[in-house]
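The values are calculated or read from the model by the stated rules, or taken from the named source; none is laboratory data. Bear in mind the structure is a predicted one, so any value in this text is a computation, not a measurement. Neighbour counts run over all protein chains shown; Cβ positions are idealised from the backbone, glycine included. Keep in mind that these areas ignore ligands, DNA and RNA; they rest on the heavy atoms of the full protein, side chains included. Shrake-Rupley method; radii C 1.70, N 1.55, O 1.52, S 1.80 Å.
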Amino acid sequence: DVISLSAGKFYSVDITKAITLRGAGTVTDVEKNIHPTNIIGDINIDIEEGVTQSLTIEGIYTKYDIEIISGLKNAYFIKNRLGKINYCSDTASYNNNHFIHCKITSGFTAQYNSGHNSIFFTNSYIYSLKTNLCTIIANNSIICSSIGSSNSLPALQLLSNCIIYNSILVGHH
């Protein structure tokens, strides 16, 4: 199923099916009468295990949290501006999750789950990436870390098991 949203404000809902959600974009340009699709409220993604269809979320803006409750496979987040992304489960499988041309402004956390995961960033900006030994591949991206935060691990240790190509690391030591 494809759900298309116009520019404007929409209240969030929980996503329990592999759908395609397309918004009008994330940019505001008053002179050209361009406005974003703004989602208000936290989004919980809880798609049951074994679903082979992919979830696609494209062209939305939200400053709220996205909680990925259960396993998520073959998901695509394209041209979004997102708040915080949190992969909650340390036992669920996260395979082939792609963030393409996304800006994640409030943090990204993914749990370690015995290598049953793969998360990809392409041409994206990620503020405060915390992987907890999760497998992440970043290409042409900017990854920021807040040194001196409450996290006791050094910033580069948080990126172990990550493969980073042609990217900029800000605040790492």
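Using only the alpha carbon atoms of the chain, find the Kirkwood hydrodynamic radius as the inverse mean reciprocal pair distance, in angstroms to one decimal.
16.4
Check which residues have an amide H placed less than 5 Å from SER118's amide H, if you skip close sequence neighbours.
TYR94, ASN95, ASN96, ASN97
To the nearest Å, what is the center-to-center distance of the range 58-124 and the range 4-34, using C-alpha atoms only?
So the two Cα centres are separated by 18 Å.
For LYS32, list the lysines whose Cα falls under 19 Å from its own Cα; do not include residues on the same chain fewer than 8 positions away.
LYS9
Springs between alpha-carbon atoms under 10 Å, Gaussian network over the chain: tell me which of ASN33, ASN123, ASN44 tops the mean-square fluctuations.
Per the Cα network of the chain with a 10 Å cutoff, ASN33 tops the list.
Using a 1.4 angstrom probe with every protein chain in place, what is the largest-first accessible-area order of VAL2, VAL51?
VAL2, VAL51
Towards the positive end of the charge dipole of the range 1-140, with charges on Cβ (+1 Lys, Arg; -1 Asp, Glu), say which of ASN139, ALA110, ASN97 has the farthest Cα.
Towards the positive end, the residue furthest out is ASN139.
Top to bottom by accessible area (1.4 Å), largest first, where do SER4, SER93 land?
Output order, biggest surface exposure first: SER4, SER93.
Over the heavy atoms of ASP90, what accessible area does a 1.4 Å probe trace out, to the nearest 10 Å²?
90
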